[in-house]
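Visitor: A single structure is presented below for examination.
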Amino acid sequence: MTLTQLEYVVAIANNGSFGAAAEKCFVTQPTLSMQIQKLEEELGMRLFDRSRKPVVATDTGKAIIEQARRTLSESKKIREIANDSQEKIEGELRIGVIPTVAPYLLPLFLVEFVKKYPQLRVSISENNTEQIVNKLKEGSLDAGILATPLEESQIRERPLYYEAFVAYLHVGHHLAKHTTVKTEMLHGEDIWLLDEGHCLRTQILNLCQHTTRAMPNLNYQTGSVETLKRIVEITGGLTILPELAIKEYGPIQLDSVRYFRSPEPVREISLITHRNMVKEKALKLLEEAIREVVPERMRAKKDRKRVKI
């Protein structure tokens with residue numbers, strides 16, 4: 001039994017096919033299949049049911065796959081510990097970011113961060129919260145940037161900043177006459193929301209006791225905050241945006257933005273990792289890079305009256 005064989009096993013479990021797993025591992029499918037066959041012969045059992053599409057693990061195979069994930073994770077820690085002790089910033093850092101954070105936060109620091117540490121390979125993917133947590137547990141991500149708290153026993157959370165929500169109104173909306181708004185004003189208002197699966201949608205629903213669509217006969221599902229903003233501009237109603245989304249707005253767009261009166265609703269954005277994660281030095285540098293670029297007032301938890309959503 002080798003670590004390479006275990007890597008192939010996990011790759012098949014993650015991708016659902018021998019072909020996709022071989023591509024991810026940069027080997028030919030016959031090579032991967034031969035190694036899996038050797039491992040199955042050594043163990044005296046089948047790990048995968050090849051008759052099903054996608055390929056699924058057998059009952060015993062599932063337990064072996066989970067152990068393989070843990071074994072691979074532990075084996076990687078040896079080099080990571082060595083790198084940390086020598087203060088080397090190299091290897092790979094795989095980060096998942098939720099879509100309501102990625103387009104506003106990443107441009108602020110990512111290019112400079114990658115330039116500063118050329119030996120560190122940084123891979124970014126946009127995923128929802130559930131996907132990021134699952135990938136951290138299975139070992140296909142090293143860290144995530146998302147809204148917390150999660151209340152996951154296996155996940156470690158490092159708060160990065162506290163981001164206020166703002167209302168974005170159509171120019172003709174009756175709330176536009178107010179310089180600031182209260183959450184009570186939104187009850188029964190026409191609010192455009194992200195589709196299911198986005199934590200920002202849940203946070204807005206928690207903020208507003210009742211919502212209705214600006215156009216009841218139109219059901220538009222989107223995962224893009226920018227799309228919601230354009231819909232508001234064209235069709236009416238309002239939407240709720242994270243504060244970093246308006247950082248680059250000009251005077252005309254800012255005319256449609258209304259901050260909430262104190263206590264203002266905020267979300268906590270954190271860097272999360274699995275509790276067994278070892279790449280401490282790279283993660284610390286990532287955390288510092290993010291803190292440096294977010295507005296100072298977002299870094300402190302108690303500098304304003306806030307209510308966390």
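Visitor: For Thr71 and Lys182, what does the FRET efficiency come to when R0 = 51 Å and r is the distance between their Cβ atoms, rounded to the nearest 0.05?
Guide: With R0 = 51 Å, the Cβ-Cβ based efficiency is 0.40.
Visitor: Here's another thing I want to ask about it. By a straight-distance test (C-alpha under 15 Å), which aspartates and glutamates pair with Lys116 as possible cross-link partners, with residues fewer than eight away in the same chain excluded?
Guide: Once the sequence-local aspartates and glutamates are set aside, what remains near Lys116 is Glu87, Glu90, Glu92, Glu287, Glu288, Glu292.
Visitor: Compute the distance in nm between two label points, each set 7 Å from the Cα along the Cα-to-Cβ direction, one at His174 and one at Tyr259.
Guide: Calculated label separation equals 2.6 nm.
Visitor: Debye sum, Cα scatterers, segment 250-293, no solvent: what log₁₀ I/I(0) at q = 0.19, 0.21, 0.30 1/Å?
Guide: -0.78, -0.83, -1.07
Visitor: If the limit is 25 Å between Cα atoms, which of Lys76/Lys284; Lys53/Lys76; Lys115/Lys229; Lys247/Lys281; Lys137/Lys279; Lys24/Lys135 go over it?
Guide: Check vs 25 Å cut-off fails for Lys53/Lys76; Lys115/Lys229; Lys247/Lys281.
Every read-out reported here was derived from the displayed coordinates using simple, explicitly stated rules and does not represent laboratory data. All figures in this text were calculated on a predicted structure; none of them were measured in a lab. Here Cβ is always computed from backbone atoms with ideal geometry, including for glycine, and neighbour counts include all displayed protein chains.
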